[in-house]
Amino acid sequence: MSLTLTIVIAVVVIALVFDYTNGFHDAANAIATSVSTRALTPRIALILAAVMNFIGAFLGQEVANTVGSVITPEAGTAGLVIVMSGLLGAIAWNLLTWYYGLPSSSSHALIGGLVGAAVASGSVVKWDVIVDKILIPMVASPLFGFAAAFALMLGIMWIFRRRNPHRTQRGFRIAQTVSAAAMALGH
């Protein structure tokens with residue numbers, strides 16, 4: 001077996017390990033509120049998250065395209081070693097943050113691992129792509145999310161201010177299930 005084939009197999013295995021750590025690190029975030037409020041049982045929530053994550057992997061390729069456009073590694077085994085190093089760095093970060101219970105994004109860990117490996121190897125890093133597709137959205141999305149959630153919450157509180165809580169509970173449980181499914185799909 002050639003060295004290149006061995007490295008390709010190692011990269012594929014390490015990528016699968018990264019996917020596994022990504023799943024147990026991030027997937028629970030999508031279903032935690034539905035389980036804690038008992039809108040879904042843990043078993044149903046886990047099945048929902050697994051199915052929606054599986055479907056989402058086929059529907060969304062934008063993260064993979066962004067990751068592929070950030071660095072330009074050398075051809076051959078050097079490029080594979082850069083990818084393998086980036087994946088190992090992301091896995092290490094996922095495990096470290098999981099162990100200490102720190103919130104962290106596996107996607108950002110992957111970008112950081114790949115950029116770090118590329119910089120260490122002297123490969124070309126497209127900083128303009130990093131700023132446009134990663135840094136600006138990373139800062140803007142929580143701000144937008146907070147503002148949108150605040151406005152939505154005010155609207156919901158105003159609409160349901162005089163409703164009987166027991167009558168609205170079923171609708172909110174359904175909404176939580178739909179929300180959990182959407183979060184898992186986007187994960």
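The values are calculated or read from the model by the stated rules, or taken from the named source; none is laboratory data. Small disclaimer: the values here were computed from a predicted structure and weren't measured. Because the Cβ atoms are built from the backbone with ideal geometry, glycine has one as well, and the counts that use them run over all protein chains shown.
What the table shows:
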read-out: Leading residue by the ranking (nearest to the chain's Cα centre (by Cα)) among those in the stretch 170-187 that are surrounded by 13 or more Cβ atoms within 10 Å (Cβ to Cβ) and not hydrophobic (A, V, I, L, M, F, W, C); value: His187
read-out: Helices (runs of 4 or more DSSP H) fully within the stretch 70-187 counting 2 or more residues that are within 26 Å of Ala50 (Cα to Cα) and of a type in the set (Val, Ile, Thr); value: 77-99, 165-186
read-out: Selected residue (criterion: modelled with the lowest pLDDT) from residues of the stretch 29-41 that are assigned to a loop (DSSP other than H, G, I, E, B) and of a type in the set (S, T, N, Q); value: Thr37
read-out: Qualifying positions in the stretch 110-169 - among the hydroxyl-bearing types (Ser, Thr, Tyr) and surrounded by 12 or more Cβ atoms within 10 Å (Cβ to Cβ); value: Ser121, Ser123, Thr168
read-out: The stretch 42-75 - residue that is among the charged types (D, E, K, R) and modelled with pLDDT under 70 and, of those, surrounded by the most Cβ atoms within 10 Å (Cβ to Cβ); value: Glu74
read-out: Residues (free of Cβ contacts under 8 Å to residues at least 12 places away in the same chain, under 23 Å from Ala15 (Cβ atoms) and hydroxyl-bearing (Ser, Thr, Tyr)) located in the stretch 104-148; value: none
read-out: All positions within the stretch 12-41 that are surrounded by fewer than 18 Cβ atoms within 10 Å (Cβ to Cβ) and farther than 16 Å from Met183 by Cβ; value: Val12, Val13, Ala15, Leu16, Val17, Asp19, Tyr20, Arg38, Thr41
